[in-house]
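Structure first, commentary second.
Please treat every number below as a calculation from the coordinates, not as lab data. Just so we're clear, the structure is a prediction, and the values are computed from it rather than from any experiment. Here the Cβ positions follow ideal geometry from the backbone for every residue, glycine too, while neighbour counts run over all protein chains shown.
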Amino acid sequence: MTAPKAIALYLPQYHPIPENDAWWEPGFTEWTNVTKARPLYRGHKQPYLPSELGFYDLRLPEARAAQAALARDYGVHGFCYYHYWFGNGKRLLQRPFEEVLASGEPDFPFMLCWANQTWSGVWHGLDKRILAEQTYPGADDDRRHFDTLLPAFRDPRYIRVDGKPVFMLYAPQDMPDVRAFTARWRQMAHDAGLEGLYLLAQHADPHWDCVAHGFDAFVLQPYFSRRRPWVSWRQPVKKLWNRLQDARGIPCLHRYDEMQDHLLPADSHPLAIPCVLPNWDNTPRSGTRGVVMEGCSPAAFGQALDRALAMCGKRQASDNLLFIKSWNEWAEGNHLEPSREFGRGYLEALKARVKAG
């Protein structure tokens with residue numbers, strides 16, 4: 001079996017922007033939450049901190065080059081940059097990718113995922129005030145959006161399937177008419193002289209009919225409960241225990257190994273592309289309202305990769321992709337990058353199973 005191309009989702013939130021300065025504090029980046037994190041219960045491991053790459057600033061080309069070199073050495077085929085387009089031309093956090101595109105460096109494959117979600121304070125455990133609202137103004141905005149990304153689609157580094165640039169939509173269910181959007185973008189790609197677009201969406205339903213919604217395939221979106229399950233008073237001991245946990249400010253806890261049947265179901269749709277979580281603890285962002293997966297380790301990640309690779313064996317060579325969430329979402333406790341606890345352990349688990357393509 002040919003090993004799939006491993007693509008790591010990539011967060012560009014590691015440089016200050018005026019909006020974050022105003023919303024949070026001057027100089028705010030993802031590192032702000034990471035370094036403030038503290039244990040919330042006995043045995044809770046926080047903070048998780050980077051090791052060899054340090055607290056980098058993505059405005060520096062040296063930082064981006066070091067990431068790409070490390071990723072390439074350990075079997076990551078390319079990065080999938082989160083891309084933020086809120087409608088009417090409003091963008092955020094675009095600088096790192098724009099500089100990658102303009103400079104031609106690093107010479108490392110990439111693709112884009114439109115993270116089409118409203119930003120709110122609840123991301124960081126605060127109130128639900130809207131910071132940046134996701135809007136869908138219509139066909140003219142779709143054209144403006146496509147034209148903005150066309151230079152990226154034409155870049156030789158852009159990841160393709162059968163010659164078609166791969167573009168992913170984070171939340172297809174949030175779009176008012178996703179079929180119209182996919183049809184317009186496919187036509188625009190044809191008119192621009194591209195071989196087409198290979199359109200992906202993320203979705204939590206492993207049996208989702210992606211073709212009916214205008215997509216070529218879909219990526220299994222890691223989804224799990226953000227709250228402890230409701231318990232009836234018919235189970236008084238468990239009910240009281242849950243209330244005690246809430247009162248003590250203990251976040252929702254899951255076991256990493258016990259979640260894999262749910263995250264990577266073996267009976268998924270043939271067009272479902274697996275997405276593997278190395279680890280998860282978003283309490284740096286969400287505090288006591290966060291979710292912690294306990295038992296995360298490079299060895300456990302390796303077992304999850306084995307499960308995903310078995311799923312990949314059903315796919316054609318041309319679109320045999322494997323997504324990893326993520327390369328660097330440190331405030332979600334969700335990363336491949338080296339840490340002080342495990343060093344390059346997660347990268348070594350990946351390298352043992354895939355080859356850079």
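Among the trypsin sites (Lys or Arg not before Pro) in the stretch 281-357, those placed in a DSSP loop whose Cβ has at most 13 other Cβ atoms within 10 Å are K314, R340, K355. Each of I130 and H254 was given a label point 7 Å from its Cα along the Cα-to-Cβ line. The distance between the two points is 2.9 nm. Amide H contacts for D319 (H built 1.01 Å from N in the peptide plane; partners 5 or more residues away or on another chain; cut-off under 5 Å): none found.
What's the magnitude of the charge dipole for the stretch 5-351 around its Cα centre, counting Lys and Arg as +1 and Asp and Glu as -1 at the beta-carbon? Answer in Debye, nearest 20.
With Lys and Arg at +1 and Asp and Glu at -1, about 1220 debye.
Between the beta carbons of L53 and Q303, assuming R0 = 25 Å, the FRET efficiency works out to 0.45 to the nearest 0.05.
Can you work out the FRET efficiency for the pair R95 and R234, with r the C-beta to C-beta distance and R0 = 56 Å, to the nearest 0.05?
Between R95 and R234 the formula returns 0.55.
The helix-only estimate of mean residue ellipticity at 222 nm for the chain, built from DSSP H runs of length n ≥ 4 each weighted as -39500 (n - 2.57), is -8500 deg cm²/dmol after division by the residue total. Residue ranges 297-304, 255-262 sort as 297-304, 255-262 when ordered by packing (mean number of other C-beta atoms within 10 Å per residue, highest first).
Shape of the stretch 92-230 from the C-alpha gyration tensor: prolate (a/c of 1.5 or more and a/b above b/c, with a ≥ b ≥ c the square roots of its eigenvalues).
For the residues N334, N20, N282, a GNM of the chain with alpha-carbon springs under 10 Å puts the largest fluctuation on N20.
Sparse packing (at most 15 other Cβ atoms within 10 Å of the Cβ) combined with a DSSP loop state is found for none of the chymotrypsin sites (Phe, Trp or Tyr not before Pro) in the stretch 322-357.
Note on E294/T35: beta-carbon distance plugged into 1/(1 + (r/R0)^6) with R0 of 22 Å gives a FRET efficiency of 0.50. Once C-alpha pairs closer than 8 Å and six or more residues apart are averaged by separation and normalised to the residue number of the chain, the relative contact order reads 23 percent.
Measuring between alpha carbons in the structure, the pairs from K45/K90; K90/K351; K164/K325; K5/K36 lying more than 30 angstrom apart are K45/K90; K90/K351; K5/K36.
At full extension, R72 and D141 could sit 21.3 nm farther apart than now, given 0.36 nm per residue minus the alpha carbon distance.
The alpha carbons of the stretch 5-351 stretch over 64, 46, 41 Å along the principal axes, in descending order.
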